[in-house]
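The values are calculated or read from the model by the stated rules, or taken from the named source; none is laboratory data. Please read all numbers here as calculations on a predicted model, not as lab measurements. Methodologically, a virtual Cβ is constructed for each residue, glycine included, from the backbone with ideal geometry; neighbour enumeration extends over all protein chains shown.
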């Protein structure tokens, strides 16, 4: 059974089309921890409006010298909480930091989510870059690329093979005498985030898709082109979607021209619609709005995008 049978995958990803989602927490970054008081309410509205996914980050420690705190709660615990308070919207990890989590535990957590909330998990994985998280957990940050590959291979085999026999420095699975419990209902899409200290060739071959950071349209277009060519060379005819984030501060003036902010733009909705069409044209299959630099209330931004833009990039009807 492949990812093409996964309903979350089909609702988010189709060739030559793009859907929209949001990254939590749905509030601006400040020097204070996120309150996350409005997250469930907004998640329900995002689902009701018809957006395709909500994404969560994997952050452990607060860096007291940075305003970027990620989210307040543990990734898997909060994802479970959101899943229980919503009905069908896909929930993505952006991303599980594999060097800081044992792959057997990640497999157990992901399979449990898939059993309790079938066809809702999209699992982004990454090598991580937050120094304080590595320091706190006693993991050598400089070696995270090699550890990522080891963990990815272990995790991928454990989730996708029927009876895995795995011998690794991270542990041993004897497929004749043990198996993961529970097993996933369907194949859980596993996507590499950023470069994760790997080559583009490795990413195009091993990931079920690729999650990337914002870039200008021309630069992103070139990257997507190279990725798709490599992916098709490795696995001809296999669709491997491309996801990216975009930081936005949506102006109340629909005709306000774009002004750069970190990793995105402050702009009016008419220019946002133009920009989204450009990203779709170059091959972005899912775009995740990030409101961390928003000056306008996020609730207003969500509603305006839902009412004025979402119909041009609708969530796909599942084929299953």
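In the stretch 76-101, what residues are at pLDDT 95 or above and out of contact with any helix residue (DSSP H, G or I) (no Cβ under 9 Å at 6 or more places or on another chain)?
77
Quick grid of which residues meet (1) free of Cβ contacts under 8 Å to residues at least 12 places away in the same chain; (2) buried (at least 23 other Cβ atoms within 10 Å of the Cβ); (3) under 29 Å from residue 287 (Cα atoms):
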residue: 104; (1), (2), (3): no, no, no
residue: 113; (1), (2), (3): no, no, yes
residue: 122; (1), (2), (3): no, yes, yes
residue: 136; (1), (2), (3): no, no, no
residue: 149; (1), (2), (3): no, no, yes
residue: 155; (1), (2), (3): no, yes, yes
residue: 169; (1), (2), (3): no, no, no
residue: 176; (1), (2), (3): no, no, no
residue: 180; (1), (2), (3): no, no, no
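State which residue is modelled with the lowest pLDDT when the search covers only the stretch 227-257 and only residues that are touching a helix residue (DSSP H, G or I) at 6+ places or on another chain (Cβ under 6 Å), within 20 Å of residue 211 (Cα to Cα) and not in a loop (DSSP other than H, G, I, E, B).
By that ranking, first place goes to 234.
The conditions are (1) crowded, with 19+ Cβ neighbours inside 10 Å; (2) out of contact with any helix residue (DSSP H, G or I) (no Cβ under 7 Å at 6 or more places or on another chain), and residue 65 fails exactly one of them. Which is it?
Failed condition: (1).
Consider residue 94 carefully, then state whether it is under 24 Å from residue 148 (Cα atoms) and either outside any helix (DSSP H, G or I) or touching a strand residue (DSSP E or B) at 6+ places or on another chain (Cβ under 8 Å) (or both).
yes
Looking at residue 40 and the list (1) free of Cβ contacts under 8 Å to residues at least 60 places away in the same chain; (2) under 17 Å from the mean Cα position of the chain (by Cα); (3) in a helix (DSSP H, G or I), which single condition is not satisfied?
(2)
Give me a count of the residues in the stretch 265-320 that are more than 21 Å from residue 42 (Cβ to Cβ), in contact with a helix residue (DSSP H, G or I) (Cβ under 8 Å, 6 or more places away or on another chain) and in contact (Cβ under 8 Å) with a residue 24 or more places away in the chain.
15
From 146, 114, 156, grab the single residue that is in a helix (DSSP H, G or I) and under 21 Å from residue 11 (Cβ atoms).
114
Looking at 114, 153, which is the one that is at pLDDT 95 or above and farther than 18 Å from residue 76 by Cβ?
When all the criteria are applied, what remains is 153.
Among the numbered criteria (1) outside any loop (DSSP other than H, G, I, E, B); (2) touching a helix residue (DSSP H, G or I) at 6+ places or on another chain (Cβ under 9 Å); (3) over 14 Å from residue 97 (Cα atoms), which single criterion is violated by residue 167?
(2)
Which residues, counting only those in the stretch 209-227, are crowded, with 19+ Cβ neighbours inside 10 Å and within 18 Å of residue 290 (Cα to Cα)?
Looking only at the stretch 209-227, we keep the residues that are crowded, with 19+ Cβ neighbours inside 10 Å, and these are 209-212, 214, 220, 224, 227.
Answer for the stretch 209-227, where residues must be crowded, with 19+ Cβ neighbours inside 10 Å and within 18 Å of residue 290 (Cα to Cα): 210, 211, 212, 214, 220.
Scan the stretch 193-201 and tell me whether some residue there is modelled with pLDDT of 95 or more and part of a helix (DSSP H, G or I). Lay out the reasoning, then the answer.
Taking the stretch 193-201 first, the residues modelled with pLDDT of 95 or more are 193-201.
Okay, now just the ones that are also part of a helix (DSSP H, G or I), so 200-201.
For the stretch 193-201, residues modelled with pLDDT of 95 or more and part of a helix (DSSP H, G or I): present.
Based on what the data block shows, is residue 219 out of contact with any helix residue (DSSP H, G or I) (no Cβ under 8 Å at 6 or more places or on another chain), farther than 20 Å from residue 55 by Cβ and at pLDDT 95 or above?
For residue 219, the condition - out of contact with any helix residue (DSSP H, G or I) (no Cβ under 8 Å at 6 or more places or on another chain), farther than 20 Å from residue 55 by Cβ and at pLDDT 95 or above - is met.
Does the stretch 250-263 include one or more residues that are at positive phi and free of Cβ contacts under 8 Å to residues at least 60 places away in the same chain?
Yes, because at least one residue in the stretch 250-263 is at positive phi and free of Cβ contacts under 8 Å to residues at least 60 places away in the same chain.
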